[in-house]
Every structure is written in C-alpha cells, then in structure tokens.
Amino acid sequence: MMTSDGLRYDAVVVGGGHNGLVCAAYLARAGMKTVVLERRHLLGGAAVTEEVWPGFGVSTASYVVSLLSARVVRELDLPRHGYHVYPLDPAYFAPFPDGSGFLLWDDPARAAEEIGKINARDGGAYLEYNRELGELADLVRPLLYRRPPDPGVRSLTDMIEALSLGLYAFGNRRSISRLVDLMTMSCADFLDRFFVDDRVKGALAPGGVIGMWGGPMSPGSAYVLLHHRMGEIDGVTGGWGFVRGGMGGVAEAIAASARAAGAKIRTNAEVAAIDVTGGRATGVTLMDGTRIEAGTVVSGAHPQTTLLSLLGVEHLSDELARELETFRNRSPSAKVNLALSELPDFTAMPGKELGPQHPEVMISPTLEYLEKAWDAAKYGRFSEEPMIDAVIPTTKDPTIAPEGRHIMTCFVQYAPYEPREGSWDGGAREALGDRVVDTINEYAPNFKDSVIERQVLTPYDLEQRFGLIGGNIFQGEMSLDQLFSFRPTPELAGYKTPVDGLYLCGSGTHPGGGVMGIPGLNASKVVIGYHKGVERKRRLKERLVSYSRR
C-alpha cells in the first residue's frame, strides 16, 4: 500500500490528541508503520499550550493533569521526552463569602485539620470520606484497562471478557454493592452521608459535576466525583499537577516518544473521509484530496465525527446509526483565560506574595449555590453566580509568561451551548467573562484591576476549536448509560467498529474523558492483536504456498 509520500503504512491515526498520540506510540513500538494526521497546526487536541497573547503560553482547554496513566508515562518513557509535572499540594484553596476558607491538602490528616477549622465534626468525617472514595477508586481502577465486552456477547472475546468480569465482581462482591450505590446516586447525597456544613459540601462537590450536564443533586454525579479520583501524581492517588510548559507538554512528550519509535506525525492534515473498499477500511482522504492508504485506520476523533461524518451512515446498520445519533454530548463548561499583573489578594487568606492559596482556587461555596448555577444553564442562561475552578500555573512554572506576569485559567460552570436569548457573538460571551471576573473579585478585591488580557471560550467555542461536539470535554457525557460496555454503544464497546480495519481510540470510548491516555492504550492492544493475527495468517499462507510448490 503506497501513500502520497511514498511510504507504506500499517496504520493511520486520525487526530493528534493525546489518545491518538498514545495509540500511535504503542503501534509504532509494536513494529507497525504508523502516521498521525492532525487537522490543526499543533498537537494535543484539547491538551494544548497556545500563545494567546505575546509571551503567554496558555493551556486554553485542559488545564491540570492527574488522570494520565502512570503505566503510559512509564512505558512510553515520557519523562525522558520532556514530561514533567509540578504537583499541586494543597489541591486547592476554597474561600467563602463570610471570609473563611480552607486548604485541601493531599495529606488526609492535614486536610481534615484544615476542614476542622470550619467545622470540627466535618474535619473528622473527612478521613472516612477520603477512605471510602479511595477504596472505591481502587476497585474501579483495574477496570479502566479492560476491553469492555459487548453486552450482546457477539464473539468469543466478548464471552471471555464477560466471564472474567464476573469473576472479578464475585471476588469483590462485598464492595460491588457500594460501587453500584455510588454510581446511581447524586454527589449531594453522597456528601450528605459524611458532612453537615454547607461550606464543606460546597467546596468538595465540584469534582462531581465538572464537565457534567447536571448539578450536584443530579443522579449519577457521585460517579463523576469518583472518576476524578482515579489519577496519581508522584504516588499521590487523586493528586493533581501542572505540566511544565502547559498542557501542550503532555502532547509533545507523547509525540516525541511516538517519533522515537518510528511514527510519523503530520499537522495541518485534516481528514475529509475514511476510505472503504469491499467492506474494509483502506486509508483516508485528506481535505486537499490526497489519499493515504493503510491496512488499519484508528480514530481519536469523536465517535460521531468518525462514523457519521468521516465514514458515513451507509457503512453502518440502521440500529447503530440511531444509537450514535442519540449519544449525548451536552456540556455546561466554559473556559475564561486571563493574563494578570499580580496575584489575587484573597480576603479569606490575604497576601499578594505567592502562598499556598494561589496555585488553584475553587469557588463553590455551598451545594445550593452550585445547584442554582446548574439551574441557569438548564434554561439557556449562563450562571450569574458560577462555579469557578481557577488555576494559576505560573505559580509553579514562571517560564510560560513574561516576568512579573501571571496566567489564570478558569474552568467555569454553568453555561449553555447557546443562550436562549441573544447570542454569544451578540455580547453574551463578554458578559460571561465579566461575570467570572466580578465573581472572583468578590473574594479578592484587587483582582479586577489586575486583569490585563482575557479570552472567553464558550461550549460552542470549545466545539469549533477542538472538535468537542456540544463542547463536552469528555467526548460524550459520563452518565451510567454511556460508560463501560455502553460507551459509545454496546457494539462499539471494544474499540472495534463494524468496518474491518477501523477502530476508535478517543475519550468517547471506555474509560472516558480526562487526560488519561487509557483509551489510546487499550485500543492499541486490540489493533496490535488483530495485526499480529493477520501477519500470522499471511506467513502461514506463504509457507503453505511454498510447500505446495516443492
């Protein structure tokens, strides 16, 4: 199979997001000649660093790392390729309107002591809460690396995987009931089991709603809280950190590892169509008409983009096409990126000199506040009192901004995909930015005057810039009916599609969103296994032909 550049490829990877790059790196390490095609001018998908203003390297979408698989980091030797994380401890500072606040340290005992200053009873309860989440995360974590079986058990592989999962569930039967309970309940109900102070519950709840089309009282939000607990930084389970050079440092390190293994990576190479001949994927056609042929096509793009747009419904059954069309991508998330002349001076913890309150700040003072913020988005409005997860990466990595300046990137909820009244371009986008700045200013009175640049990205903007349909940061909602064997559909659960040689490897597959790289890793194992099987059959056929000629 010859491509436009004269090389033979075993695999084409569509999309240079972190999952596509991870998949490509593993394919190349397995000896497959691989090329990655990225439509934008830079790699990383939503994990990018962009010079939004001269001298400012901004993580415009994804902004912290935690979920990136330690196995991927180790096996792809990412530190050798420039990957470095500055751990965040405390995880964040939670200020409240009454002038109180606490630091959520990684050490549970230290965090409990801080929370105890707010409410003595809740301080003690935090230890039990932390233990419960940790045990459930340990139960789920091994499942992240499993190939989910099709519930219809359409193959021997599905049967083997289903039996294996049954044995795992039986061996952990005492904990499974607690997990099922968690996955069907709301974040608010889960927190109510441990805490009584509205401030403590408000400050802990954002992990349950980040990226979710729902509020803390919505069923299923407790699982999102658990999902964000799966990661690890420097051995700290659930820890978070800033990547040196911004989030683009993740993609660049993975890309360097892939290149070292022999993969080729092309930017400004937008795929227009996945080519199919005789029911099998045979390569892709680029927007400029160039055809690139390969025996295998793996897509890190959204499943709907891959199968409904690039492939086409004519290659899918009516049932699968309907399931894909109804896959939910609603999003309440916006990003407001800021350049600052100085650090915020918080009323709850004063000081403009760098302190533990500055790297990450969580504004979510109560569960009711958070639920009311969600109420606004339900009816097509952005919240006048938004939840804001604000990070200042320059507190750890000053190289990404001019001397004496800082970057603050704010993950904001809630905002609709499109306002019910007016439009983002008609003034709503800047009004959202104003509301975010004004809200932070209520907690740090010097803040508004310190803002020297601003970028506002709505859910619609996230879709247009990063290909995240609906602006959903997870490539699809992380609800119970869109997880594991149902992500994105039962037939597609194991990364393979009905078209021979075409696979999925993005966050729209198991185990879902976040900068973790596990979908790319899992998909690569399926692809490599199939490729090795084809090679064995080819060699056997060659030997039989040679034998018959003797």
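The values are calculated or read from the model by the stated rules, or taken from the named source; none is laboratory data. Quick caveat: nothing in here was measured; it's all calculated off a predicted structure. As a convention, Cβ positions derive from the backbone with ideal geometry for all residues, glycine included, and neighbour counts pool all protein chains shown. Heavy atoms of the whole protein, side chains included, go into the accessibility calculation; ligands, DNA and RNA do not. Shrake-Rupley method; radii C 1.70, N 1.55, O 1.52, S 1.80 Å.
At-a-glance table
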{"quantity": "Selection count, segment 427-484, where residues are among the small types (Gly, Ala, Ser), under 20 Å from Thr305 (Cβ atoms) and open to solvent by less than 10 Å² (accessible area, probe 1.4 Å)", "calculated": "2"}
{"quantity": "Criterion: in contact with a Gly (Cβ under 6 Å, 6 or more places away or on another chain) and crowded, with 23+ Cβ neighbours inside 10 Å - qualifying residue of Leu76, Leu67", "calculated": "Leu67"}
{"quantity": "Test result for Leu204, in contact with a Leu (Cβ under 7 Å, 6 or more places away or on another chain), modelled with pLDDT of 80 or more, under 30 Å from Lys496 (Cβ atoms) and open to solvent by less than 20 Å² (accessible area, probe 1.4 Å)", "calculated": "no"}
{"quantity": "Residue, least open to solvent (accessible area, probe 1.4 Å), within segment 361-388, restricted to residues that are out of contact with any Pro (no Cβ under 8 Å at 6 or more places or on another chain) and among the charged types (D, E, K, R)", "calculated": "Asp375"}
{"quantity": "Number of the exception - Ile115 against (1) open to solvent by less than 50 Å² (accessible area, probe 1.4 Å); (2) modelled with pLDDT under 95", "calculated": "(2)"}
{"quantity": "Lone qualifier among Asp189, Asp158 - being of a type outside the set (A, V, I, L, M) and at pLDDT 80 or above", "calculated": "Asp189"}
{"quantity": "Candidate set from segment 207-224 (those that are of a type in the set (A, V, I, L, M, F, W, C) and over 14 Å from the mean Cα position of the chain (by Cα)); member that is surrounded by the most Cβ atoms within 10 Å (Cβ to Cβ)", "calculated": "Ala222"}
{"quantity": "Hits in segment 1-38 - residues which are part of a loop (DSSP other than H, G, I, E, B) and either buried (at least 24 other Cβ atoms within 10 Å of the Cβ) or at pLDDT 95 or above (or both)", "calculated": "Gly15, Gly16, Ala30, Gly31, Met32, Lys33, Glu38"}
{"quantity": "Ser175 modelled with pLDDT of 95 or more and over 25 Å from Pro488 (Cα atoms)", "calculated": "no"}
{"quantity": "Checklist (1) over 30 Å from Gly501 (Cα atoms); (2) modelled with pLDDT of 95 or more; (3) not polar (S, T, N, Q) applied to His315, failing item", "calculated": "(1)"}
{"quantity": "Scope segment 344-359; condition open to solvent by 10 Å² or more (accessible area, probe 1.4 Å) and either under 11 Å from Ala390 (Cα atoms) or not acidic (Asp, Glu) (or both); matching residues", "calculated": "Thr347, Ala348, Met349, Pro350, Gly351, Lys352, Leu354, Gly355, Pro356, Pro359"}
{"quantity": "Tally, over segment 277-295, of residues that are more than 20 Å from Ala25 (Cα to Cα), assigned to a strand (DSSP E or B) and open to solvent by 40 Å² or more (accessible area, probe 1.4 Å)", "calculated": "3"}
